Amino acid sequence: MKALVFVVVVLLASIVGLGFYRGWFRISMVNTDQQPSATITMDKNKIHADEQKAKDTVQGFGQEAKDKLGDRAGKGKEPEPRP
């Protein structure tokens, strides 16, 4: 159980770290009347653009694999001729 919680925490921290690195999230600090406040902003357009780019990349890898396989794609092993 502890291992599962650890994996979830590491995965969540990785996603948040990647989000800040890619510009999906921003933190802004404001000091008004001696009371500091922090705001976290999420850029949905940036997330959607990166999601679309990832989908295109994966589809490109799939198309490249299909092109390399050529006519053999979708076919099983051809039976060997019998003597």
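The numbers here are math on the coordinates, done by the rules we state, and not lab data. Quick caveat, the model's predicted, so the values are computed rather than measured. Positions of Cβ are generated from backbone atoms using ideal geometry, with glycine treated the same way; all protein chains shown enter the neighbour counts.
Quick rundown of the values:
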| read-out | value |
| --- | --- |
| Relative exposure of ARG22, ARG82, judged by other C-beta atoms within 10 Å (fewest first) | ARG82, ARG22 |
| The chain: most fluctuating residue of ALA49, ALA38, ALA13 per GNM, C-alpha cutoff 10 Å | ALA38 |
| Per-residue Cβ neighbour rank within 10 angstrom, fewest leading, GLU64, GLU80 | GLU80, GLU64 |
| Relative contact order of the chain, defined on C-alpha pairs under 8 angstrom at six or more residues apart (%) | 16 |
| Which of ASP33, ASP43 has the fewest Cβ neighbours within 10 Å, and the rest in rising order | ASP33, ASP43 |
| Nearest-ten-degree value, helix 44-69 long axis tilted from longest Cα axis of the chain | 10 |
| Dimensions in Å of the stretch 2-70 - Rg and Dmax from alpha carbons | 19.0, 69 |
| For TRP24, residues with placed amide H under 5 Å, excluding near neighbours | none |
| Degrees, to the nearest 10: 2-22 long Cα axis against longest axis of the chain | 80 |
| Mean ellipticity per residue at 222 nm, deg cm²/dmol - from DSSP H runs of n ≥ 4 across the chain, formula -39500 (n - 2.57) | -20000 deg cm²/dmol |
